[in-house]
Amino acid sequence: MAETRSSGYIGRAVPRLEDSRLLRGLGRYVDDLAAPPGTLHLAFLRSPHAHARIGSIRTAAAAAIPGVHVIATAADLAGLFTALRADYERPGFNRSEWYSIAVDRARYAGEIVAVAVADSPYVAEDVLELIEVEYAPLPAVVTVADAVKPGVASLHPNIGNVFFQGSFKSPGFDAAFAAAPVIVRETFTGSRIASAPMEPRGGLAVYDPGRDDLTYHATTQMPHIMRTAIAESFGWSESQIRIIAPDIGGGFGPKAYIYPEDILSIALARKLERPVKWFCDRMEDLQTTLQARDHRFDGELALDRQGIIQALRVRIEVNAGAYAGYPFGSSIEAAGGAVMMPGPYRLKYYAYEARSIATNVCPAGAYRGVSQPTAFFVMEGLLDRAAAKLGLDPAEIRLRNILHADEFPYTNAIGIRYDIGSYEECLKRALALGDYAGYRSRQTPTRFVEGKYRGVGIACFTEHTGQGASRYRDRGIRRMPGYDSAVVKVLPGGKAAAYVSQTEIGQGSITTCAQIVADRLGLDINDVTIVEGDTSLTPHGSGTGASRGAVAAGGAVLRAADKVREKMLRIAGDFLEASPKDIELNDGYAHVAGAPQLRVAIAEIAAVAHAAHDRPPPKGHGFGLEATDHYDPPHVYITNATHLAWVAVDPATGLVSVERYLVVHDCGRVINPLVVEGQIHGAVAQGLGQALMERIVHGADGQQQTVHFLDYLLPTALDLPPIEIAHLETPSPETAGGFKGVGEGGVIGALPALANAVADALKSFNANINRLPLAPDHVLDLIDQHRDRRVTAA
Amino acid sequence: MTTETTHVRLTVNGRVYERTVEPRLLLVDFLRHELGLTGTHVGCAHGVCGACTVIMNGETVRTCITFAVQAEGAQIKTVEGLAENGRLNPIQQAFHENHALQCGYCTPGFLMTVTEFLDENPDPSENEIRHALAGNLCRCTGYVNIVRAVRAAAEKMRSGAVQR
């Protein structure tokens, strides 16, 4: 049977509409945009000290170089903009400010102290070395422990280096915890890492002095939030500001933030009345793009003797760096980890304490998965320890605790409702597809096979996706709207366009939104244009992040398209003398259900709607064929998955290689399996990077020592195994379209799956895997430290 | 801070260009900003990530660590020169069909690396493909679909070669 061209796009592996341009070198990333005549280029002089008083700044020698327009310091820019304040007054939050250029004091190495403005980027960068700054270094606090020592000076007024603290305890927690016969405890630490999108950050600010308006092309995931931040900072009207996110070379969270370079370039464009461009190099990007996962989690899991979870307590400390980033503020990692920690298991009693601490390192923030990868590194690590203590297989202890299909909707210990899912089924399917039992039966106590120690790790987890406004308000993150929006239009010629508040940063949202529109309007997908990433063309909304796209933006597109569809059916009903409810839209035609010969072209319907036809619009309807709608997901939607990882540890080199990787997951109704699989592949790779190799290293003085790709290692094609994926599909009964998100799960599962697999491989050493990355030096230490504890029996 | 300039003449995608440049101008900046061929991207500027890879005189080079003047007299092929009459070539087509790109920023570098690789090794094993790709970084795809695409392109190009 021939496939219909213009229905049933949702659920199909449609190759992406984004690809053709990008494959031909015709993508337009920020640095690719033709700079208007007269464009000036910026280079940023950054503090070499993690903490220092700034004395005099001598700029004359630099300013005298031909081609240099001006050297700007904080004094030159005073009064042009105000500091960004991400957090609101609210219990637990200590509000602080982030001013875009250091005034008197630099709080991390990399903070901007002066800006060179020149005719060419080469000259701007050249003259940085001619700017003389008097620094008086101050003691730098690099770790959380140092930052909260008595007597340590506060980095911001009146915060005592605590940006945020929060806590929670279930009623009855203490009694339940005290009564449990089995407790496992461990302290887990991540390493600070970088999101490292392949495209560094950049911007092109074009100011029109006559109109006093600004067009700012930026590497941003959230142009609408950026517009609000800029309007606020400059005391400007949002109507005068247009933010354009052209093609974006990866984001992963940190490109959702507003950066000092954004504010400074706009200030200079306005002050100098010239276009201004900047583009970070890799060193700047690794040093100053918001970092993540500098976490310490003290976890305690209480169980009964059958391995049934009784209670969970966690204390979370996040090294948040020098400033609270806009829009997500200081609580994002600490509170996020705490709230997302109760995972796919029956857990009645939960308690946490969480805080974010200010230090003299680069600010930290949201990176793919936020704190969930650490949270499940902890949870799944504790479960494996409990299983070992009780003599249970890691799979068995999970099967005893994981939620069953008949328990949904389930409200967890902290009040998050899980609408529906396939938690147990995912685990069972993964165990079957991975022949887990067979693998276990072949394992020897030493785990030593053909020169390497080999093991398997399991991770079950939940992923918070599609959070709406209510969730962000509850979390105290008021700079994030939480809803998204779409305008859907059928144009006079009968083709459609949708304008969506999110931004395409690689996730394939142009294709998935087009699939939704094509399905709802009965059009060929090639007759649908999707526009994103432009505040003047798209309606206000949140943007891209937090695995919200399919739910929030997809939901808005679906709802707006359905409004247009309704009017199309009315017009078609007039034509066909049939009730609108009996009409279907398909293949570019409206036809009576069951009678495909009774049809009218959608182009003709569009002509009626745009006064290009003899026939008037139906009674009660005016001209036009477009609709706007917004979608605020009522709650948060939980995607579930199980990952299995098989690793081999080379005792000679300490190198961990991943020999097989399996993902079984359920993200509700799938719009495009190709795109979903791509999201999982990439996220698993990022999780693998964090688990096995990535780490930002600081000296005791707060200097970042990993500033390029030779010492900040990203996974290559040789580090990744093929990743096997099985989809389970349980549509959400609550979200528009039944969609859930899937962007972050791969990272969340990869950390615990790989950590547990390495622990299993090194079981004979009784190695305690409680910190990352499991890089060769760390693995060799584990083997050497525990060689004497090695179990050689049986 | 020199203002000395020098003359450079080279062929890019079959077209001859002549420009006067500073000796320190990087080849990638020359391609992008002097010639407007912005498909070649800068990912790291220290020769590690491979995003800026082009083919110069038949071999891949990293244009972020090559000066424009070093390309004097060279024949260069960039990503803009891959499509034939506006149609994706078999490697590009395989990347599209196998969802081997997401943000697309690293993609031009991969395409150029794969172009050279399949020229030298038309029937590679998975392990050979992974080794060939190991000098190019991608942060989006986990390389899973890039490896698939290279295998698919190789098959297609081999069958095409047989038909011819």
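Kindly provide the GluC sites (Glu not before Pro) of segment A:389-458 that DSSP labels as loop, not H, G, I, E or B, and whose Cβ sees at most 10 other Cβ atoms within 10 Å.
A:Glu450
Roughly what % of DSSP beta bridges within segment A:264-401 run antiparallel, to the nearest 5? Don't skip to the answer; put the middle values down first.
On the way: 9 of 20 bridges.
Bridges in segment A:264-401 are about 45 percent antiparallel.
Exposed loop sites, defined as chymotrypsin sites (Phe, Trp or Tyr not before Pro) outside DSSP H, G, I, E and B with at most 13 other Cβ atoms within 10 Å, are absent from the longest region of chain A, namely A:89-622. Can you figure out the FRET efficiency of A:Arg211 with A:Arg53, using R₀ = 45 Å and their beta-carbon distance, to the nearest 0.05? With a Förster radius of 45 Å, E is 0.65.
Taking a quarter of the surface of the Cα convex hull of segment B:90-163 gives a mean projected area of 4.3 nm².
With contributions of -39500 (n - 2.57) from each DSSP H run of at least four residues, the per-residue ellipticity at 222 nm computed over chain A stands at -8000 deg cm²/dmol.
Shown in residue order for segment A:420-427 are the 3J(HN,Hα) couplings computed by the Karplus curve 6.51 cos²θ - 1.76 cosθ + 1.60 at θ = phi - 60°: 6, x, 10, 4, 5, 5, 4, 4 Hz (x for Gly and Pro).
Among the listed pairs A:Lys581/A:Lys740; A:Lys255/A:Lys563; A:Lys495/A:Lys563; A:Lys348/A:Lys428; A:Lys495/A:Lys581; A:Lys489/A:Lys619, those with a Cα-Cα distance over 25 Å are A:Lys581/A:Lys740; A:Lys255/A:Lys563. The 3J(HN,Hα) values that the Karplus relation (6.51, -1.76, 1.60; θ = phi - 60°) gives for segment B:80-94 are, in residue order, 5, x, 7, 5, 10, 6, x, 9, 4, 7, x, 6, 4, 4, 5 Hz. Gly and Pro appear as x.
For segment A:477-545, the Cα-based Rg and Dmax, in that order, read 12.5, 43 Å.
For segment A:660-755, GluC sites (Glu not before Pro) are listed when DSSP marks them as loop and at most 16 other Cβ atoms sit within 10 Å of their Cβ; the list is A:Glu729. Comparing chain B with the 2.2 N^0.38 Å rule of thumb, its C-alpha radius of gyration ratio is 1.07 (two decimals). Each of A:His621, A:His698 was scored by other Cβ atoms within 10 Å of its Cβ. Arranged with the fewest first, they read A:His621, A:His698.
Can you give the Kirkwood hydrodynamic radius of segment B:6-81 from its Cα pairs, in Å with one decimal? Spell out each step's value before the answer.
Numbers: mean 1/r = 0.0837 Å⁻¹.
Final number for the Kirkwood radius of segment B:6-81 is 12.0 Å.
Using the Cα atoms as the points, what is the convex hull volume per residue of segment A:661-782 in Å³? Walk me through the numbers on the way to the answer.
Details: hull volume 19.2 nm³, N = 122.
Normalising the Cα hull of segment A:661-782 by residue number yields 157 Å³.
Give me the extension gain from A:Asp711 to A:Tyr135: residue separation times 0.36 nm, minus the current Cα-Cα distance, reported in nm with one decimal.
Numbers: separation 576, 0.36 × 576 = 207.36 nm, distance 2.80 nm.
Length gained between A:Asp711 and A:Tyr135: 204.6 nm.
What is the mean number of Cβ atoms from other protein chains located within 10 Å of the Cβ atom of each residue in peptide B:32-39, rounded to a whole number? Could you put the intermediate results ahead of the total?
Values: counts 2, 6, 0, 0, 2, 2, 9, 8.
Taking all residues of B:32-39 together, the mean is 4.
Phi-derived couplings, Karplus 6.51 cos²θ - 1.76 cosθ + 1.60 at θ = phi - 60°, listed residue by residue for segment A:728-736: 10, 10, 10, x, 5, x, 10, 7, 4 Hz, with x used for Gly and Pro.
Each pair of Cα atoms in segment A:210-260 enters the Kirkwood radius, and Stokes-Einstein at 4 °C and 1.567 mPa s then converts it into a translational diffusion coefficient of 114 µm²/s. Between A:Lys389 and A:Arg21, the simple label model (points 7 Å from Cα in the Cβ direction) yields a spacing of 5.6 nm. Site pair A:Tyr88 and A:Arg787 shows an inter-label distance of 5.9 nm when each label is modelled 7 Å from Cα along Cα→Cβ. Amide H contacts of A:Phe739 (H built 1.01 Å from N, in plane; Pro and chain starts excluded): A:Arg669, A:Ser732 sit under 5 Å, all sequence-distant by 5 or more or on other chains. Peptide A:676-685 is shielded by partner chain Cβ atoms: per residue, an average of 5 of them sit within 10 Å of its Cβ.
Each listed q (0.09, 0.16 Å⁻¹) maps to a log10 I(q)/I(0) for segment A:424-582, found by the Debye formula over equal Cα scatterers with no solvent: -0.51, -0.91.
Apply the a/c threshold of 1.5 to the C-alpha gyration tensor of the protein assembly as shown and tell me whether it is rounded, prolate or oblate. Mind dumping the intermediate values first?
Details: a/c = 1.29, a/b = 1.06, b/c = 1.22.
Rounded, since a/c falls under 1.5.
Could you calculate the FRET efficiency of A:Ser536 with A:Arg478 from 1/(1 + (r/R0)^6), where r is the beta carbon distance between them and R0 is 35 Å, rounded to 0.05? The pair A:Ser536/A:Arg478 has a calculated efficiency of 0.90. Gain on full extension, evaluated as 0.36 nm per residue between A:Thr628 and A:Asp614 minus their Cα-Cα distance, stands at 2.3 nm. Under 5 Å between amide hydrogens, built in the peptide plane, is the criterion, and for A:Val70 it picks out A:Val117 among residues at least 5 positions away or on other chains. Backbone amide hydrogens, once placed in the peptide plane, bring A:Tyr350 within less than 5 Å of A:Ser170, A:Leu312, excluding anything fewer than 5 places away on its chain. With the simple model of a label 7 Å out from the Cα in the direction of the Cβ, A:Thr187 to A:His404 spans 4.1 nm.
Would you mind ranking A:Asp519, A:Asp629 by Cβ crowding within 10 Å, fewest neighbours first? Don't skip to the answer; put the middle values down first.
Numbers: A:Asp519 24, A:Asp629 21.
With the fewest neighbours first, A:Asp519, A:Asp629 line up as A:Asp629, A:Asp519.
Computed about its Cα centre, the charge dipole of the protein assembly as shown is approximately 1640 debye, with only Lys, Arg, Asp and Glu carrying charge at their Cβ. Filter the trypsin sites (Lys or Arg not before Pro) in segment A:694-794 down to the DSSP loop ones having no more than 16 other Cβ atoms within 10 Å, then list what survives. Those that pass, being in a loop and sparsely packed, are A:Arg790.
Rule-based calculations on the coordinates, nothing more; no lab input. Predicted, not measured: the structure shown is a model, and the values here were computed from it. No Cβ is skipped: glycine too gets one built from the backbone with ideal geometry, and neighbour counts run over all protein chains shown.
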